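J.: Shown below is the structure under consideration.
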Amino acid sequence: MNDIRNIVILTGAGISAESGLATFRGPDGLWEGHRVEDVCTPEALARNPALVHRFYDERRAKLAEVKPNAAHEALAALDAAWPGELLIVTQNVDDLHERAGAKRLIHMHGELRSAFCAACGRAVPWVEALPPASPCGGCGQPRMRPDIVFFGEMPYEMDRIEEALRRADLFVSVGTSGAVYPAAGFVQTARHVGARTIELNLDPSAGSFYFEESRMGPASRLVPELVHDLLA
Ligand code: APR
């Protein structure tokens, strides 16, 4: 790993599973108990705001009961110590990366502890429940919504992510099923520019074959091992 300077790390729900947060797919996954079309699309928000807000209120409340695990902590330690470029891109809407201390972080699918105004675009930190039609503190319109990127909406900061991927020497994917684009395609961009690609996951993901190397196991073991090797 001596020749590596620029690193991009993509994380998904699997990195927070051992902290006690449910993943999306699989037997106990969130999408087993809820239909995506009912809670995670702009149409669902327009049709049944109470249901959509309740779904995210419950998940926001759950954050108070969980804490970062060894995988979040290892990535935060890497962020603090790595002298080259590093970007952690998370699909997760929990705040466990930042609570562990990560700074070079993008929440590409939004954040549970944030709300934004659908009228003026103003985003504000939000830790309590968010009743539908809450007024915006800026423009006054009753249009505050969860700051979540719904299916059919554009993920955040794609330009910065693409730029980092194009400069990457190493791309690592942790705890994601590779089912959702554009994140599932990052490995292809990384390979295209000649970066080394490593997947860390409990099971092989939908895109495992794109990675040069796949290591199977729990994130709380695999991530600290990789970080140890990178910092050695
Ligand atoms: N360690 C490592 N990997 C794990 C662990 C663990 N302890 N537990 C589960 N996993 C793996 C699963 O094997 C699975 O491949 O994490 C992956 C989680 O996959 P998903 O539930 O599909 O979550 P994710 O890939 O983050 O979903 C992507 O889909 O619904 C949308 O917007 C939502 O950001 C989310 C996106």
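The values are calculated or read from the model by the stated rules, or taken from the named source; none is laboratory data. None of these values were measured; they are calculated from a predicted model. Cβ: placed from backbone, ideal geometry, glycine included. Neighbour counts: every protein chain shown.
J.: Name the pairs: first residue in segment 210-232 and within 22 Å of His192 (Cα to Cα), second residue assigned to a strand (DSSP E or B) and near the ligand (Cβ under 8 Å from one of its atoms), Cβ to Cβ under 9 Å, at least 6 apart or on different chains?
T.: Close Cβ pairs (under 9 Å, with a partner that is assigned to a strand (DSSP E or B) and near the ligand (Cβ under 8 Å from one of its atoms)) amount to Ser214/Leu200; Ser214/Asn201; Arg215/Leu200; Arg215/Asn201.
J.: Could you tell me which residue of segment 2-41 is surrounded by the most Cβ atoms within 10 Å (Cβ to Cβ), considering only residues that are outside the structural domain of Phe211 (by TED's automatic domain parsing), part of a helix (DSSP H, G or I) and within 8 Å of the ligand (Cβ to nearest atom)?
T.: The selected residue is Leu30.
J.: Something else now. Taking segment 59-94 on its own, how many of its residues are more than 11 Å from the ligand (Cβ to nearest atom) and part of a loop (DSSP other than H, G, I, E, B)?
T.: Residues flagged as more than 11 Å from the ligand (Cβ to nearest atom) and part of a loop (DSSP other than H, G, I, E, B) within segment 59-94 amount to 7.
J.: Take segment 109-142 and flag every residue that is of a type in the set (Ser, Thr, Tyr) and outside any loop (DSSP other than H, G, I, E, B).
T.: Hit for segment 109-142 is Ser114, nothing else.
J.: Sticking with this structure for a sec: Could you grab me the full set of residues in segment 150-184 that are hydroxyl-bearing (Ser, Thr, Tyr) and surrounded by 13 or more Cβ atoms within 10 Å (Cβ to Cβ)?
T.: Tyr156, Ser173, Thr176, Ser177
J.: Going residue by residue through segment 202-222, is there one that turns out to be within 16 Å of the ligand (Cβ to nearest atom), of a type in the set (S, T, N, Q) and part of a loop (DSSP other than H, G, I, E, B)?
T.: Looking for residues that are within 16 Å of the ligand (Cβ to nearest atom), of a type in the set (S, T, N, Q) and part of a loop (DSSP other than H, G, I, E, B), one finds at least one in segment 202-222, hence yes.
J.: Hey, another quick one. Checking Gly121 against (1) closer than 30 Å to Glu212 by Cα; (2) of a type in the set (Gly, Ala, Ser); (3) not assigned by TED's automatic domain parsing to the domain that holds Ser16, which single condition isn't satisfied?
T.: Answer for Gly121: the failing condition is (1).
J.: Against the condition in the same structural domain as Ile15 (by TED's automatic domain parsing) and within 13 Å of the ligand (Cβ to nearest atom), how does Leu231 come out, does it pass?
T.: Against the criterion (in the same structural domain as Ile15 (by TED's automatic domain parsing) and within 13 Å of the ligand (Cβ to nearest atom)), Leu231 does not qualify.
J.: Could you tell me whether Ala80 is more than 30 Å from Glu37 (Cα to Cα) and under 15 Å from the mean Cα position of the chain (by Cα)?
T.: no
J.: Right, next: Please tell me if Trp82 is surrounded by fewer than 21 Cβ atoms within 10 Å (Cβ to Cβ) and not assigned by TED's automatic domain parsing to the domain that holds Ala44.
T.: The answer is yes for Trp82.
J.: I want to confirm something. Restricting to segment 42-51 and keeping residues that are within 15 Å of the ligand (Cβ to nearest atom) and within 21 Å of Ala179 (Cβ to Cβ), which single residue is farthest from the chain's Cα centre (by Cα)?
T.: Among residues in segment 42-51 that are within 15 Å of the ligand (Cβ to nearest atom) and within 21 Å of Ala179 (Cβ to Cβ), the one farthest from the chain's Cα centre (by Cα) is Ala44.
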